[in-house]
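Let me begin by presenting the structure, written as structure tokens, before commenting on it.
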Amino acid sequence: MGRATEDVMHQYERYVMNTYVRSPLVLTKAKGSRVWDVEGREYLDLFPGWGVSGIGYNHPWVLTAIRGQTRRVLHVANNYYHPLQWRAAKKLIEASFDGTVFFTNSGAEAVETTIKLARRWGKGRYEIIVMDQSFHGRTIAALSATGQPKHQQGFEPLLAGFVRVPFSDLDAVRAAVTPRTCAVLVEPIQGEGGIRVAADAFLQGLRRLCDERHLLLIADEIQTGMGRTGTWFAYQRSGADPDLLVLAKTLGGGFPIGAVVAKRALADVLAPGTHATTYGGSPLGCACVLAVFEVIEKQKLLERVNTLSPHLFQRLSALRERAPVIRDIRGRGFMVGIELTRSGRSVVEACRAKRLLINCTQETVLRLLPAMTITKAQLDRGLSILEQALLEVQP
Ligand SMILES: Cc1ncc(COP(=O)(O)O)c(C=O)c1O
């Protein structure tokens, strides 16, 4: 480890709360799928910002939008109007379904918004059915909705009203509905939960069940959204529209912004005065959202994902034949999980030593969320490094 890295880590120990499991890497610059550390070393990042930099780090069009907006106004309070908020909302509606949008500053805050909206809509019904192994964020309501007890320990009492069922088990969801239920919350592909893909039939079944029992279907697409799986939103493949769509990460191209898209019938549930956030949907944030849409549309990133993804999965399947440490390969588009027969930590470290950044979730599942702008050559290079690392470890 270099001296400059050690210095920064030392200052963190003193001044920064130690809430994250950090790798010994100090990043100071990034562009596209490449990042540089403080020692000047370059890395290829197949997990840029936990999915935040879905269109690549520092996309020039996002930077131009930010520069342009700084010359006008950064923040306007939400008791006034500004023209970019409706434009960003319109883009989201055009990409999803007819309705209205509430902007937030983070994913967890967007999840919280749907919990409040569903409870208010429920008029006394307050239970929300959530999935095992789900992840919805770290604020207390989003954490209570999360289906992973390990994240909840020590924070009890949690918010009441969440009923957990096995993921992708429609009968279990049906059995969990009570007269108090108001909604079902699901990630179409569980990210933190280990890249577990909900079957289309499950999502379609949820839609029917919600219609029959008068429940809201909430899709948390914070990780899957904005093109990562090859459609704007992962639910679109199943054709089962949710009533509420939750977004963040790629949405702002690196700028912190989240959003809830609500079907038109829900437009008035959170009436004036019932919900708010000071920074949500700022002109700067909305300028970034508009730039992200422009990038995805004009650079044809959905098509890119759909062209490169089969290549990515074919290479991984071929590797599986040769690397007995691989137990399973899952995912869609540019959202990939490689389940190992052993802990993935040493593979992540071996990749980092070879200048490749990836992630491991649930102990054994290597996770790749490459930027949709990655070149084929970069993707191939990353896969070759991963291949070496996987062939080096014992199953
Ligand atoms: C599916 C999902 N929901 C919610 C969140 C929380 O988002 P944030 O960290 O922006 O609060 C995440 C973050 O990883 C996520 O992947």
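The values are calculated or read from the model by the stated rules, or taken from the named source; none is laboratory data. Every value quoted in this text rests on a predicted model; they were computed, and no experiment measured them. Cβ sites come from the backbone with ideal geometry, for glycine too, and all protein chains shown count toward neighbours.
Brief remarks follow.
- On the stretch given as the stretch 211-235, residues that are farther than 29 Å from residue 150 by Cα and more than 16 Å from the chain's Cα centre (by Cα) total 4.
- When every residue of the stretch 197-210 is checked against the conditions, none turns out to be at pLDDT below 95 and either away from the ligand (no atom under 16 Å from the Cβ) or among the aromatic types (Phe, Trp, Tyr) (or both).
Residue-by-condition table, conditions (1) within 22 Å of the chain's Cα centre (by Cα); (2) within 16 Å of the ligand (Cβ to nearest atom):
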site	(1), (2)
149	yes, no
154	no, no
163	no, no
167	yes, yes
171	no, no
176	no, no
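Yes/no matrix, rows are residues, columns are (1) at pLDDT 95 or above; (2) crowded, with 22+ Cβ neighbours inside 10 Å; (3) assigned to a loop (DSSP other than H, G, I, E, B); (4) more than 16 Å from the ligand (Cβ to nearest atom):
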position	(1), (2), (3), (4)
103	yes, yes, no, no
108	yes, yes, no, no
114	yes, yes, no, no
119	yes, no, no, yes
136	yes, yes, yes, no
143	yes, no, no, no
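- The single condition from (1) of a type outside the set (Asp, Glu); (2) closer than 30 Å to residue 346 by Cβ; (3) surrounded by 14 or more Cβ atoms within 10 Å (Cβ to Cβ); (4) within 23 Å of the chain's Cα centre (by Cα) that residue 87 fails is (2).
- Where a residue in the stretch 174-195 is closer than 20 Å to residue 313 by Cα and assigned to a helix (DSSP H, G or I) and its partner, wherever it lies, is of a type in the set (S, T, N, Q) and near the ligand (Cβ under 10 Å from one of its atoms), with Cβ under 6 Å and at least six apart: none
- Residue check, residue 78 over 14 Å from residue 251 (Cα atoms) and surrounded by 13 or more Cβ atoms within 10 Å (Cβ to Cβ): yes
- Restricting attention to the stretch 2-33, the residues that are under 27 Å from the mean Cα position of the chain (by Cα), free of Cβ contacts under 8 Å to residues at least 60 places away in the same chain and outside any helix (DSSP H, G or I) add up to 14.
- Residue in the stretch 150-160 that is of a type in the set (Phe, Trp, Tyr), over 30 Å from residue 267 (Cα atoms) and assigned to a loop (DSSP other than H, G, I, E, B) present: yes
- Residue match in the stretch 71-85 (condition: of a type in the set (S, T, N, Q), more than 16 Å from the ligand (Cβ to nearest atom) and out of contact with any helix residue (DSSP H, G or I) (no Cβ under 7 Å at 6 or more places or on another chain)): yes
- Any hit, the stretch 276-294, residues being of a type in the set (Ser, Thr, Tyr), within 16 Å of the ligand (Cβ to nearest atom), more than 20 Å from residue 120 (Cβ to Cβ) and under 18 Å from the mean Cα position of the chain (by Cα): no
- Of the residues screened, residue 65 is not one that is touching a helix residue (DSSP H, G or I) at 6+ places or on another chain (Cβ under 9 Å), buried (at least 17 other Cβ atoms within 10 Å of the Cβ) and within 14 Å of residue 280 (Cα to Cα).
- For the stretch 356-370, the set of residues classified as hydrophobic (A, V, I, L, M, F, W, C) and more than 17 Å from residue 327 (Cα to Cα) consists of 356, 357, 358, 369, listed by residue number.
- Residue match in the stretch 89-96 (condition: among the small types (Gly, Ala, Ser), within 16 Å of the ligand (Cβ to nearest atom) and modelled with pLDDT of 95 or more): no
- Listed by position, the strands (runs of 3 or more DSSP E) inside the stretch 296-388 whose residues that are at pLDDT below 95, touching a Gly at 6+ places or on another chain (Cβ under 6 Å) and closer than 23 Å to residue 192 by Cα number at least 2 form an empty set.
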